[in-house]
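Here is the structure we will look at, set down as structure tokens.
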Amino acid sequence: MWKVLPCGDESEMSIKIDRVKEYETILEIYEKEGLDTSLFGDRIATIIISGDRIIGLNNIPGVEIRGEEIEDGVRAYVEIADGTELHFPIHLCTGFLKNEGYQRVIFDITVGRNSKVKFTSHCIFPYAKNFTHEAIARIKVGERSSVFYEDEHIHGEGVRMVGKTEVEVGKNGRYTGKFSLTKHRARELKLEMSARLGNNAVAELVSKVKAVKDDSVEMKEAIYLEGAHSRGNLKSTVIAFDNSRVNVVNEAYGFGDYSKGHVECHEIVKGNADVQTVPLLRVKNDRAELTHEASIGRINEAQLVQLMAKGLTEDEAAEFIIKGLLRE
Amino acid sequence: MLRLRNISYSINGREIIKGINMQFRGDMIYSILGPNGAGKSTLAYVTMGVLKPTTGRILLGDRDITDFSITEKAKLGISMMWQEPARYEGITVREYLTLGGKLRTNKDELQEVLELVGLSYELYAHRFVDKSLSGGERKRIELASLLLLKPRYAILDEPDSGLDITAGRLIENVLDYFRKIRTTVILITHHEEIAAKTDFAYFVCAGKLIKKGFSREIVQYYKETCGRCFLAEMRVR
Ligand SMILES: Nc1ncnc2c1ncn2[C@@H]1O[C@H](COP(=O)(O)OP(=O)(O)OP(=O)(O)O)[C@@H](O)[C@H]1O
Ligand SMILES: [Mg+2]
């Protein structure tokens, strides 16, 4: 664990002393939620945000994180040097420990060339009752670099979340983005993700969301296959129960020669949930190829009955299937 | 003993199963032979409770289980392998075989059944039972699942189709295992050499039970008549 340094100390690996308590609370929540606490180790590049303050920052060779406190939030710049290959993820931790309020977090991430990194982003709002979280991320993936970005959320009952992620993948680069909000209530979720791909670039955006009660979820994912031979995959899985409302829009644009895209959306509905999905495929190049696959409705009958023939009840079978679908 | 008594099944006014009587006694291995569209899978669904027969009764011992749900039948020891086993996203082979931990078993047993169907535990236990498995691999895993489940009655709908050259020996091993654990097998197949490995056979065509008897006789009959049958030609037209 890091040294605790007095306020105002500029050296790296610091937790400001007046913020130790919040730091400890966040650590406790990680433990309670079964998240990986080794992410707070000093070999890990990290920024820890609580409310509108940066309470911890750790840089390691090849990774430079700078942060500034802005009105109602934090803006952070993450720069990865060329040729950086990390064995541990870069840890982006955003917490809000009060019941109500507003928080805005902006991440500007630039990954150089020939690098290979993974980001683990955790959003921790366990006590939120009436809280709005706005997250903006701009991610630039350099040529021949590979980036894996996973986003996990621990939400209290009352979170309104607005997220916007824009990704640019350079020549021969690769980006995989995973978003999941499955263990806690979605409440009000508005998510926008887009990726622009250069020549030979590959991107995959996967999101999994579970909506219950009167949750409302709006997701829009778009992939722009601009480069020749670029490939993109959008995949969303939504479980909508009770009176929830879900709208998923998946868009793929085939502009580059021999670009290839696939859009997949699966929504499982139970109760009075109101669910719609809109796939949009647009091609401006006769050498591009786009496909889509969508299903919406109750759990596949064949999957259910075949498990029931092994002695599971219908509910047990459904639970087993959904657990698989939401697996990260 | 599991008995199908005068089972018929109609859909959209068309009778697919026509007054079929069959019985399956404990510790025996049965096959049901018949051409495409004969009604074999439909009969399996009716037996398992996926479809309700239009008329007729299903009896387990003295108990009428016609109106039992799939789960209830499974709990009485009737289980089934589908002709096209379903795929499940995010569920590993290990989780699938143990039904998410509901089935009490151990690694040795998992290893044993997987090896019996020709798959190594190390290579397959952590694979997903999703689209990434080949058709043959999926079938093998389904057979392993039934072996592990040890039902009193195992309905296997074309377990041999889509399998490679080792299918014959594989099915033989599976049947041996079921004999050992005293499971009654109802094996649906087109392949006479597979049917020949069973004790007793039913030959079904156009929804009717045409002939029953020792497997050797029925296989002989199937070979002689079915290939040249005018009903089969009508089906093609
Ligand atoms: N839902 C349905 N609606 C209309 N016809 C059906 C339906 N299900 C089955 N059939 C018809 O009933 C007949 C029997 O089908 P079934 O699948 O039981 O045959 P099978 O013997 O299993 O054939 P195969 O060897 O090809 O698997 C076929 O002619 C089929 O087309
Ligand atoms: Mg069939």
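Would you call B:Lys197 in a loop (DSSP other than H, G, I, E, B), away from chain A (no Cβ under 14 Å) and either more than 16 Å from ligand 2 (Cβ to nearest atom) or open to solvent by 30 Å² or more (accessible area, probe 1.4 Å) (or both)?
Spelling it out, B:Lys197 is indeed in a loop (DSSP other than H, G, I, E, B), away from chain A (no Cβ under 14 Å) and either more than 16 Å from ligand 2 (Cβ to nearest atom) or open to solvent by 30 Å² or more (accessible area, probe 1.4 Å) (or both).
For the stretch B:87-106, does any single residue satisfy the condition of being within 27 Å of B:Arg216 (Cα to Cα), touching a Leu at 6+ places or on another chain (Cβ under 8 Å) and away from ligand 1 (no atom under 14 Å from the Cβ)?
For the stretch B:87-106, residues within 27 Å of B:Arg216 (Cα to Cα), touching a Leu at 6+ places or on another chain (Cβ under 8 Å) and away from ligand 1 (no atom under 14 Å from the Cβ): absent.
Looking only at helices (runs of 4 or more DSSP H) that lie completely in the stretch B:87-192, which have at least 1 residues being at pLDDT 95 or above, within 13 Å of another protein chain (Cβ to nearest Cβ) and surrounded by fewer than 22 Cβ atoms within 10 Å (Cβ to Cβ)?
Details: elements: B:93-97, B:107-116, B:121-124, B:135-149, B:167-180.
Those helices (runs of 4 or more DSSP H) span B:93-97, B:135-149.
Looking at the stretch A:38-45, is at least one residue without any contact (Cβ under 8 Å) to a residue 40 or more places away in the chain, assigned to a loop (DSSP other than H, G, I, E, B) and on the phi < 0 side of the Ramachandran plot? Give the steps one after another, and end with the answer.
Of the stretch A:38-45, the ones without any contact (Cβ under 8 Å) to a residue 40 or more places away in the chain are A:38.
Filter once more, so that each one left must be assigned to a loop (DSSP other than H, G, I, E, B): none.
No, the stretch A:38-45 has no match at all.
Would you say A:Ala240 is without any contact (Cβ under 8 Å) to a residue 40 or more places away in the chain, within 11 Å of chain B (Cβ to nearest Cβ) and hydrophobic (A, V, I, L, M, F, W, C)?
In short, no.
So which residues in the stretch A:186-208 are closer than 11 Å to A:Leu234 by Cα, open to solvent by 10 Å² or more (accessible area, probe 1.4 Å) and not hydrophobic (A, V, I, L, M, F, W, C)?
Hits for the stretch A:186-208 are A:Ser194, A:Glu204.
Take A:Ala318 and tell me if it is surrounded by fewer than 23 Cβ atoms within 10 Å (Cβ to Cβ), closer than 30 Å to B:Leu146 by Cβ and away from chain B (no Cβ under 11 Å).
On the way: surrounded by fewer than 23 Cβ atoms within 10 Å (Cβ to Cβ): yes; closer than 30 Å to B:Leu146 by Cβ: yes; away from chain B (no Cβ under 11 Å): yes.
When the stated conditions are applied, A:Ala318 passes them.
Consider the stretch B:6-56. How many of its residues are more than 16 Å from B:Thr189 (Cβ to Cβ), within 14 Å of chain A (Cβ to nearest Cβ) and within 8 Å of ligand 1 (Cβ to nearest atom)?
1
Could you say whether any residue in the stretch B:71-86 is hydroxyl-bearing (Ser, Thr, Tyr), more than 16 Å from ligand 2 (Cβ to nearest atom) and open to solvent by 20 Å² or more (accessible area, probe 1.4 Å)? Show your work before the answer.
First, the residues of the stretch B:71-86 that are hydroxyl-bearing (Ser, Thr, Tyr): B:71, B:79.
Cutting the leftovers down to more than 16 Å from ligand 2 (Cβ to nearest atom) gives us B:71, B:79.
Next, from what is left, pick out any that are open to solvent by 20 Å² or more (accessible area, probe 1.4 Å): none.
No, that holds for no residue.
Can you name every residue in the stretch A:248-292 that is of a type in the set (D, E, K, R) and open to solvent by 30 Å² or more (accessible area, probe 1.4 Å)?
A:Asp257, A:Lys260, A:Lys270, A:Asp274, A:Arg282, A:Lys284, A:Asp286, A:Arg287, A:Glu289
Between a first residue in the stretch B:69-84 that is without any contact (Cβ under 8 Å) to a residue 24 or more places away in the chain and facing chain A (nearest Cβ under 7 Å) and a second residue that is away from ligand 2 (no atom under 16 Å from the Cβ) and not charged (D, E, K, R), which pairs have beta carbons less than 8 Å apart while being 6 or more apart in sequence or on different chains?
Note: pairs meeting the criteria are B:Ile70/A:Met308; B:Ile70/B:Gly49; B:Thr71/A:Met308; B:Thr71/A:Gly311; B:Thr71/A:Leu312; B:Thr71/A:Thr313; B:Lys75/A:Gly311.
Cβ-Cβ under 6 Å, sequence separation 6+ or interchain: first residue in the stretch B:40-52 and without any contact (Cβ under 8 Å) to a residue 40 or more places away in the chain, partner in a helix (DSSP H, G or I) and surrounded by fewer than 23 Cβ atoms within 10 Å (Cβ to Cβ). Which pairs?
As it stands, the answer is B:Val50/A:Val305, since those pairs meet every condition given.
Restricting to the stretch A:40-50, what's the tally of residues that are surrounded by 20 or more Cβ atoms within 10 Å (Cβ to Cβ) and in contact with a helix residue (DSSP H, G or I) (Cβ under 9 Å, 6 or more places away or on another chain)?
Final tally of qualifying residues: 4.
Which one of the conditions (1) buried (at least 17 other Cβ atoms within 10 Å of the Cβ); (2) within 14 Å of chain B (Cβ to nearest Cβ); (3) hydroxyl-bearing (Ser, Thr, Tyr) does A:Ser295 fail to meet, given that it meets all the rest?
A:Ser295 satisfies all of (1) buried (at least 17 other Cβ atoms within 10 Å of the Cβ); (2) within 14 Å of chain B (Cβ to nearest Cβ); (3) hydroxyl-bearing (Ser, Thr, Tyr) except (1).
Every residue, every condition in (1) in a strand (DSSP E or B); (2) of a type in the set (Phe, Trp, Tyr); (3) out of contact with any strand residue (DSSP E or B) (no Cβ under 7 Å at 6 or more places or on another chain); (4) within 14 Å of chain B (Cβ to nearest Cβ), yes or no:
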site: A:Val263; (1), (2), (3), (4): yes, no, no, no
site: A:Ile268; (1), (2), (3), (4): yes, no, no, yes
site: A:Asn272; (1), (2), (3), (4): no, no, yes, no
site: A:Val278; (1), (2), (3), (4): yes, no, no, no
site: A:Leu281; (1), (2), (3), (4): yes, no, no, no
site: A:Gln303; (1), (2), (3), (4): no, no, yes, yes
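The values are calculated or read from the model by the stated rules, or taken from the named source; none is laboratory data. Just so it is clear, the structure is predicted and the values come from calculations on it, not from any experiment. All Cβ positions, glycine included, derive from the backbone under ideal geometry; neighbour counts span all protein chains shown. To get the accessible areas, we keep the full protein, side chains included, count just its heavy atoms, and leave off ligands, DNA and RNA. Shrake-Rupley method; radii C 1.70, N 1.55, O 1.52, S 1.80 Å.
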